[in-house]
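Let me begin by presenting the structure, written as structure tokens, before commenting on it.
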Amino acid sequence: MKNFIDEKQINTLLEENKKPDPKLIDDILIKAESKRGLSLQEMAVLVNIKEKKQLDKMFATAKKIKNEIYGNRVVIFAPLYVTNECANICEYCGFRADNTELHRRTLSFEELKEETKILSDSGQKRLLLVYGEHPKFTPEWIAESIKAVYSVGGENSKIRRININTAPMDVEGFRIVKEAAIGTFQCFQETYHRETYEKVHLKGQKADYDYRLYVHHRANEAGIDDTGVGVLFGLYDWKFELLALLQHSLDLEKVFGVGPHTVSFPRIEPALNAPLSEQPPYAVNDDDMKKIIAIVRLAIPYTGIILTTRETADFRKELLEIGVSQISAGSRTYPGAYKDEKENKPDMQQFTIGDTRSLDEAIRDILKQGFLPSFCTSCYRKGRTGHTFMEYAKPGDIHKFCQPNAVFTLLEYLLDYASEETKKIGLQRIEKETSNCGIFNHIIQDMYKRALAGERDLML
């Protein structure tokens, strides 16, 4: 297999663009506004911006691009940890196989259904199922667990979209899980720097850099055309990681015509008996994290940018302004955590949570900030995935569907699950949004009335 991560090229570009010309920066930002994406050389220029004036201009451009493609919506989801059993030994993760102090648990399908019901009863519609990387979790078993989640609830209280974060599979394995009707397949390279990768992944399938690097290619070959990539920031220089991530995206575009549906940005957080988690070798501060989010929005404008509850509530609010389009809310990070309610079990969880707001609190804060929370699942269920999704997303037309569908799903949440305070603020927001839906306005008004009358799962 050809290694499409060209470390020599990345290092050369970073060295050559250490002191970028201000005029060149302006030209790149103007080009970015066209929403055509950036080259590696252009990204290498932006990662080296230091002056506040230029940074502010870059943040403003990122915000503009996000608004033109996705509008003011913020997609909401929750992670559901199915197991914390793992056969890998990774220096940054509490789930590592040699962590004898971690309490291991794999949910039975009945327990998985219990967790699902708790989440669906809170109003969640989109879940990310998270699996430990262990050979005993076969594609067949994963497919059955997905079916168990989909089986929970009545017609209007079901989970409508399940994304998965699992160990890499072969093509046949991906075909099996695809038949279980997954949404996005998510898997992170963690670090694209090969030497660092080999140092921090000591045992297990995950120690194979190349097998993991090509996981999204195999998923696409199996017909899964919505895939999610990501970097665990803190393992190596973030500037290198960003250029490598863009190389990854460009290769997927070249081979399949479809880049990553989502990009995730976890930073290393403290975890039980994970040596690198307390003092990451390349810790990323908040200022650099903000630059990372903005640059990816400019370089891969169509992608969904995901930010998890590793970050604090205040910082997440700040990052929503410059490009983030999806966040988890009301999250817990170990198997059985939602049934445990307010208990915290550091001897079971993967990492420390920074944002402890409930789903209702997070929705209310998003509304107060002027954004539109969305539980929408229509693109996947209407067949707007892969090439079809990109045909709408790249020119900025996807918001024509996103905006009204966000309104419908938010209204459903407000009427069926929200606190009175959140409901009041949300209905005021919806009143503003329903007068701004363009060619769909007459349809929106009709569907809005139908939702108020009790209809559910309305979508374009």
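Here are some notes:
- By the count of neighbouring beta-carbon atoms within 10 Å, fewest first, SER120, SER374 end up ordered SER120, SER374.
- Dipole orientation for the range 78-181: of the candidates VAL149, TYR131, ASN99, VAL149 has the Cα lying most toward the positive pole (charges on Cβ; Lys, Arg +1; Asp, Glu -1).
- Relative contact order (%) - the chain, alpha-carbon pairs under 8 angstrom, separation at least six: 21
- Given their separation in residues at 0.36 nm each and the Cα-Cα distance between them, SER108 and ASP457 gain 122.7 nm when the chain is fully extended.
- Cut-off 11 Å between beta-carbons: net charge of the residues surrounding LYS66, Lys and Arg +1, Asp and Glu -1: +3
- Given charges at beta-carbon only (K, R positive; D, E negative), |dipole| of the chain in Debye: 1100
- Within the range 191-269, none of the chymotrypsin sites (Phe, Trp or Tyr not before Pro) combine a DSSP coil assignment with at most 13 other C-beta atoms in a 10 angstrom radius.
- Dipole of the chain, positive end: most advanced residue of ILE118, LEU452, GLY386 [Cβ charges, Cα centre]: LEU452
- Cα-projected label distance for GLN54 with ASP210, points at 7 Å along beta-carbon direction, nm: 3.9
- Between the C-alpha center of the range 248-316 and that of the range 15-70 there is a gap of 18 Å.
- Separation of the alpha carbons by more than 18 angstrom is noted, of LYS23/LYS50; LYS158/LYS345; LYS23/LYS53, for LYS158/LYS345.
- Near GLY204, once Lys and Arg are set to +1 and Asp and Glu to -1 for all other residues with Cβ below 10 Å from its Cβ, the sum equals +1.
- Reachable aspartates and glutamates from LYS432, criterion Cα separation under 16 angstrom, eight or more residues apart if same chain: ASP446
- Think of the chain as a dipole: +1 on every Lys or Arg Cβ, -1 on every Asp or Glu Cβ, centred on the Cα centre; then among LEU29, THR262, ILE353, LEU29 lies furthest on the positive end.
- 222 nm mean residue ellipticity, helices alone, for the chain (DSSP H n ≥ 4; -39,500 (n - 2.57); rounded to 500): -14000 deg cm²/dmol
- Share, in percent, of DSSP beta bridges within the chain that are antiparallel, nearest 5: 10
- Rounded, prolate or oblate (a/c below 1.5 giving rounded, otherwise prolate when a/b exceeds b/c) for the range 187-259 by Cα gyration tensor: oblate
- With a threshold of 20 Å on the Cα-Cα distance, the over-threshold entries among LYS147/LYS206; LYS57/LYS394; LYS57/LYS291; LYS206/LYS290; LYS66/LYS254; LYS63/LYS317 are LYS147/LYS206; LYS57/LYS394; LYS206/LYS290; LYS66/LYS254.
Read-outs: derived from the displayed coordinates by stated rules, not from any lab. Everything numeric in this text was worked out from a predicted model, so none of it was measured. Cβ sites come from the backbone with ideal geometry, for glycine too, and all protein chains shown count toward neighbours.
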